[in-house]
Amino acid sequence: MAILMFNQTIEIVTGENKGMWRVVRSATSKRDFNVLVYIPESITQWKKQRESQQPKLKWLWLSPDEVKGSILGEEIKFIALNPHPELRKSGSELSGRHKEIRDKREKITQRLINPRELSATLSNRGTIYVLIREAFHRCKVSKKHVYELFYRLCWYGFELGSLNPQYYNSGAPGVSRPWNESRPKVGAKPLEVKLGVAAKDSQIGITSETEKKLLHFFKSNKDPSKAFEDHYDNFIKAKYISQYVQTDNGRHPIDPPKGSFPTKRQVRYALKKNIPAMERLAMKFYRKDWIRNRRGLKGHSWEKIAGPGHRYMIDATIGDIYLQSQINPSWSIGRPIIYFIVDTWSTAIVAFHVCLSGPSWDTAKVALFNMLHPKLAAELWGVKFEQCLFPLPQLPYELMSDRGEHLSGRAAESAKELGYNQLLNPAYEPDKKGLVEVVNRIAKNKQYGLIPGAIDARRKEVEARTNPKDGVLTIRHYYKFIHDWVNDYNLHADKSHRLDSEMIASGIKPTPAELWKYGFDEMMGYGKETSFPKAVMHLLPRVTAAVNRKGIYIWELEYRYPEENDWTTIARNIGAFEIDVHYYPGAAELVFYCPPQSSDVVTLTLSPHARTAPHIIPLEWLDALIYSKASSGDLKYLAFIARLRRSVRTDDLVKQARDEKKAAELYQYPSLTATEARFLEKEPHLSVVQVTNLEESDVIRNDGEKDSYETAYDDLMNEVFKGDLELAGANND
């Protein structure tokens, strides 16, 4: 068996025959010889060796034993020479002039490329001149041309593709030909020259020094916010304007003559020639924008993920919708924050949370609580729970989040206590969690056009802008909308691209819910269960509640303990105290208290006498409370003004009464008892003299029946008036 094969390329490492060789004849027996032809580093070296229009070929004859010994001695190394892509094209891929040249060359070299005829000629004659002579006589071409085609076969390989025209080498690519003043500028002539008119100002070309200047200027002054025209103007101003005229109106540059500076077309060509395409593209964007939105994608998010539950991705987005308040639907509360948690492997949405604050870990962890206890979350939001994922999601092996959530101390504490791993998504690289980003975009697209007040954030036209006053949904309504959309996505989203041959054979539907179930059925899923008290303590936000003699108060809302306890008794007799409770941000109906001496969770319910409804979320109630307190200053001011005016009126009334009393004391009226004075008030048609002449029994009888209390009161008043009269008489004396 021959060791060397026809058309094989080897490299002789040592000796006088050091270099690369191509096998043009393979030995057929131990006494036969392998014939090799030398391949220089460049094909042009063959052309320089020509003598009398006939170049010299360097041949090497090696016996099989010599080849075997050289291989064992590591003197011969087998190599591969890969041809240019243009030389890999078949004849059917060529057309026009290219195909004509290829067909003609095939006809000339039809015997030179045949290994049997080439081997027989070298074996019998020791040279290929017989085949060369036959070719130029048969095809009526020069001997030089036949030799050149044989060089090509030796250089590129004994294949028909080596005969393809090499027009891609035309123009000497990569060889710089900068312009100088001693040679004319290359390129199309100006229009006036073509019309026979001599150009007044000839356009200069770009020298090597000019190229260096403009490349340095454009790279050092990269600013994606500016157009190319602005960069070009700045370049000409910086490099070609050096003289100014100082006038009374200021400094003015002297305009450079026409044609003395490069045109925009020349500058574009120079940049295109010297700066790679990707670098030019990167210059149009800011660095962070390039890394985030323009870099190449190298894989899929679910690669190296064993199954469902191994990795969740969480992300927040601002809802493109304006919401109204539940307390007063005419109040606009702005746009909500939505958290989605998506399973990487199955693409299923395992949980979400809608809130009015954030993004932060305090709100993000509530989405995890919704995932662990979806029935309770749906009940507090007033939604009927429908299970779409079987089994229900539990804690993942790792949770990927953004830098803000990942670096939070509370996030690290929650991960440590609940037993899952944190995975950081690098800054400015949302593609690594692109799945949840796509879910955010799909959710926004679905709501636009269906809900009044929804925003199409990707459209900039005036007609697509949304008036915040168009919003009609409250946060509770919007939660129901997102809940229905999540169920529809999990049950019906088309994920055909995720099905492999085994999944197709098992007959599963290409939906996230089916992929989730398939992963657990095939024992690829992961989930970690945690207790309800631990989920409450580490996933729900905490607030301080005040316990006083009246009850338990949070945000000035009264809550009730489910059973009889001594809290109010302690607060009434010993003093008020505080406790730490956990609340659900979606409704003020329930708060949870974890007693330090018990492993259970105590649920505190909103009192019927509370100042808000159970379905109102705490943040909305706090907004309304703060709003009312903000207007309390005006109310206090109005109350003060009313109190001040009432005080003035009271002072005037007292002064008037005193003046009237003093005026009455100037007259000598008869002395009347309290009974007589009251009788006179009831009978204003009687005079004082008539009343004093009446008997006391008549006064009492006319005044009506009196009980013992009225009689005692009259006696007391008579004694008071009697003492005042005696004191007044003493003063007069």
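The values are calculated or read from the model by the stated rules, or taken from the named source; none is laboratory data. Note that the coordinates shown come from a computational prediction; the quantities given were computed from them, not determined experimentally. Quick reminder, even Gly has a Cβ in these numbers, built from the backbone with ideal geometry, and neighbours come from all protein chains shown. For accessibility, only protein heavy atoms count, side chains too; no ligands or nucleic acids. Shrake-Rupley method; radii C 1.70, N 1.55, O 1.52, S 1.80 Å.
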Task: Yes/no for V130 being open to solvent by 20 Å² or more (accessible area, probe 1.4 Å) and either part of a helix (DSSP H, G or I) or at pLDDT 90 or above (or both) - done: yes
TODO: Kindly indicate whether any position in segment 258-273 is within 29 Å of I241 (Cβ to Cβ) and part of a strand (DSSP E or B).
DONE: no
Task: Filter pass, S123 being in contact (Cβ under 8 Å) with a residue 60 or more places away in the chain, of a type outside the set (F, W, Y) and either assigned to a helix (DSSP H, G or I) or touching a helix residue (DSSP H, G or I) at 6+ places or on another chain (Cβ under 6 Å) (or both) - done: yes
Open item on the list: Tell me the residue from E429, E417, E461, E405 that is out of contact with any Pro (no Cβ under 9 Å at 6 or more places or on another chain) and modelled with pLDDT of 60 or more, please.
Closed with: E417
- [ ] With respect to S631, determine if the residue is at pLDDT below 80, of a type in the set (S, T, Y) and either out of contact with any Gly (no Cβ under 7 Å at 6 or more places or on another chain) or open to solvent by 100 Å² or more (accessible area, probe 1.4 Å) (or both).
- [x] yes
Task: Test for K284: is it open to solvent by 40 Å² or more (accessible area, probe 1.4 Å), in contact (Cβ under 8 Å) with a residue 24 or more places away in the chain and either among the basic types (K, R) or in contact with a His (Cβ under 8 Å, 6 or more places away or on another chain) (or both) - done: yes
Open item on the list: So, in segment 332-357, how many residues would count as being farther than 19 Å from W381 by Cα and within 17 Å of the chain's Cα centre (by Cα)?
Closed with: 2
Task: Count of segment 93-118 residues which are surrounded by 11 or more Cβ atoms within 10 Å (Cβ to Cβ) and closer than 27 Å to F33 by Cβ - done: 9
- [ ] Select, from I132, I108, I113, the only residue that is hydrophobic (A, V, I, L, M, F, W, C), in contact (Cβ under 8 Å) with a residue 12 or more places away in the chain and farther than 21 Å from V23 by Cβ.
- [x] I108
Open item on the list: Need pairs with beta-carbon distance below 9 Å; first residue open to solvent by 40 Å² or more (accessible area, probe 1.4 Å) and modelled with pLDDT of 90 or more and within segment 374-395, second of a type in the set (V, I, T) and in a loop (DSSP other than H, G, I, E, B); sequence gap 6+ or separate chains.
Closed with: Q394/T530
- [ ] For segment 75-92, state whether one or more residues are surrounded by 14 or more Cβ atoms within 10 Å (Cβ to Cβ), at pLDDT 85 or above, of a type in the set (G, A, S) and closer than 17 Å to L149 by Cβ.
- [x] yes
TODO: Report the residue count in segment 594-605 for those that are open to solvent by 30 Å² or more (accessible area, probe 1.4 Å) and in a strand (DSSP E or B).
DONE: 2
Task: Qualifying residues in segment 405-426 (those that are touching a Phe, Trp or Tyr at 6+ places or on another chain (Cβ under 8 Å) and open to solvent by 60 Å² or more (accessible area, probe 1.4 Å)) - the one nearest to Y518 (Cα to Cα) - done: N421
- [ ] Select from segment 62-92 the residues that are in contact (Cβ under 8 Å) with a residue 24 or more places away in the chain, assigned to a helix (DSSP H, G or I) and of a type in the set (S, T, Y) and list them in ascending order.
- [x] S70
Open item on the list: I'm trying to understand the selection: among the residues of segment 606-620, which are within 39 Å of the chain's Cα centre (by Cα), open to solvent by 20 Å² or more (accessible area, probe 1.4 Å) and not aliphatic (A, V, I, L, M)?
Closed with: T612, P614, H615
- [ ] With respect to K469, determine if the residue is more than 17 Å from T347 (Cα to Cα), at pLDDT 90 or above, open to solvent by 70 Å² or more (accessible area, probe 1.4 Å) and part of a helix (DSSP H, G or I).
- [x] no
TODO: Output the residue which, of all residues in segment 514-551 that are of a type in the set (A, V, I, L, M, F, W, C) and open to solvent by less than 10 Å² (accessible area, probe 1.4 Å), is farthest from Y489 (Cα to Cα).
DONE: V547
TODO: Could you check, for segment 512-521, whether at least one of its residues is farther than 28 Å from H353 by Cβ and at pLDDT 90 or above?
DONE: yes
